[in-house]
Each structure stands twice: as structure tokens, then as C-alpha cells.
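In what follows, a single structure is set out as C-alpha cells and then discussed.
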Amino acid sequence: MALLLLVTVSRAFNLNEAHELEKVVNETGLLFALTHNYTGYPMVKQARQMIRHGALGQLRKIVVEYPQGWLSTNLESTGQKQAAWRTDPLRSGIAGAMGDIGTHAENLAEYVTGLKITELCADISTFVPGRLLDDDGNVLLRFENGAKGILHASQISAGEENNLNIRVYGEKGGLEWHQMEPNTLLVKWLDKPAQVYRTGVGTLYPEAQASTRIPAGHPEGYLEAFATIYRNFARCIRARQEGRTPDSLDKDYPTVADGVRGMQFIERVIASGNSTEKWLAF
């Protein structure tokens, strides 16, 4: 039960609390999983492995977007509970859209590419009158290998649902994945026709195959992505209980370090958005 405790009850309101939680995890040796569920999709794992194995060559450009439209009006004033807490700084902290969904975009970019963001320059806005936190943001990114990126997160993009998507471009080609069409990964090459990878079809990397549960053509969706994280974490707990080393595929889940990165992203984005010194180290 102790192994599960940090997963079921832990939360961090700011970066200092995130570091405190990370310290507890490191000092106790307990396992910790963070439900950045979008990393659980098979085609996200396929994209990650293609990049890790050099299919795209040296990465140059990363574009990640998360537009929503559900907060295009002052929905929080109507008593809608989801809107109320997500726009309340006493419950959500210093960021609105950038904390709520921008962190998912940041995590997806670092997970898929395997690169850390080193600097960022943010422009944040609050469009809806009376709203206390940001509802739109645009961020320029610099990555550790010299690649450049753009991150856009918005909850006032009227008509959008949950259109999280990522495009990654290297010297040999690029790839594209959309959360609202999660079974498809589009790969575009510099010198040959584009390819379409599909969940459960053809030869995929073991990491993608291990996250595929249902026959090809059936949606491998949002809840299954959560389940991928839960399953991998549970297998690591079982391995710990049995005194053995877990399989490398099972260790593929977000950890407390990813949570710290997310909190750091929030604080640096808000600091950059409020500052005239736009480029800040991450």
C-alpha cells in the first residue's frame, strides 16, 4: 500500500512543493507515477522510438499545439464546476490554460523528441473579461540540441475540442500526430513518399505494440492511454514486491521528474509572459 500512496493522494501547487515531493520520492525510493496520459498512446510511442532510432535524423523543429474552445465565454460564472476551479488561482495556482493544458503540450514535446527545453519566451493573454488566469498562450522554445519550437495552448479557440497535436521535423523528414485521430501517425520524408502508420497494423516498435490492446481499426482512445500508464506502473510495483527488475517496457511511464518539469514550465512561462526580459532559462 505504501508504494501506491504517493500516486493516490499527492499533488503540488507550485514548483517548491513539486521539488519537496520529488525529494520524498528520491529519499524513500518509493515508486511514483504521473498521469500524463497522452504519452500512453501507441502511436506516440511509435513516434518516440522512430526519433530515438534516428529515423528523422537531427531534429530541427518541434511544433506542439493544444487548442480548446470550451472557455471562450465566462463559463466559470455560471457555476460550472470544471470551469470554476480551473480558472481560480486559489485552486489552480498561477496559471490557467498554460497550467491546465500547456503542461500536456510541454510534456508531449519532451517525451516524443527525447529533448529537454532549455529556454522559452512566452506571450500569455486573458481574453475573457473578469477571468483571473490566462486563457491563451504562445511560447517560443529552444531545445538542448539546438532545435527550435513553438508551443500554443488555448482555451478560447472557439470550436476546438481537444485538438492536441505535435509535428516534429528533422533533417531527413518529419512526423505528425493528432490526439483526436490517435490511431494514425503520419511520417513525411524529404526524398520519398509519405507513410501512414496505424495502430495494430504492420511492424511497429515493441513500445507501440505493448500499448496496443484492441484489433486494428478500433479506436485506441483516451481511457486506454490512461490504462497504459496504470498497467506499466502496476507491473513495476509487482516487480518490486517480488524482488525483481521490471521489464524496460513497463518502466515507460511519467514520473515525479515529469511533474517537476511541468511545474517549472508553468512558472517560467508565467514569468516570461509578465516580463520584458522575454527569454528565460528553463
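The values are calculated or read from the model by the stated rules, or taken from the named source; none is laboratory data. Just so you know, these numbers come straight off a predicted model, no measurement behind them. All Cβ positions, even for glycine, are placed from backbone atoms using ideal geometry, and neighbour counts span all protein chains on display.
When L75 is tested against (1) under 20 Å from E161 (Cβ atoms); (2) crowded, with 19+ Cβ neighbours inside 10 Å, exactly one condition is not met: (2). Within the range 132-154, the residues that satisfy the criterion of being of a type outside the set (S, T, N, Q), more than 29 Å from A55 (Cα to Cα) and in contact (Cβ under 8 Å) with a residue 60 or more places away in the chain are D134, D135, G137. For the range 95-134, taking the residues that are among the charged types (D, E, K, R) and within 30 Å of D252 (Cβ to Cβ), the one that is farthest from the chain's Cα centre (by Cα) is identified as E119.
What is the number of the single condition among (1) within 23 Å of the chain's Cα centre (by Cα); (2) in contact (Cβ under 8 Å) with a residue 12 or more places away in the chain; (3) in a loop (DSSP other than H, G, I, E, B) that E181 does not meet? So the condition that E181 fails would be (2). Here T245 passes the criteria (1) without any contact (Cβ under 8 Å) to a residue 12 or more places away in the chain; (2) out of contact with any helix residue (DSSP H, G or I) (no Cβ under 7 Å at 6 or more places or on another chain); (3) over 29 Å from P67 (Cα atoms) except the one numbered (2).
Scanning the range 184-205 for residues that are out of contact with any strand residue (DSSP E or B) (no Cβ under 8 Å at 6 or more places or on another chain) and either loosely packed, with under 15 Cβ neighbours inside 10 Å or assigned to a strand (DSSP E or B) (or both) turns up D191, K192, P193, V201, G202, T203. Taking the listed residues A225, A216, A158, the one that is at pLDDT below 95, in contact with a Gly (Cβ under 9 Å, 6 or more places away or on another chain), closer than 23 Å to G102 by Cα and of a type in the set (A, V, I, L, M, F, W, C) is A225, with no other qualifying. Within the set A208, A227, the sole residue that is surrounded by fewer than 17 Cβ atoms within 10 Å (Cβ to Cβ) and assigned to a helix (DSSP H, G or I) turns out to be A227.
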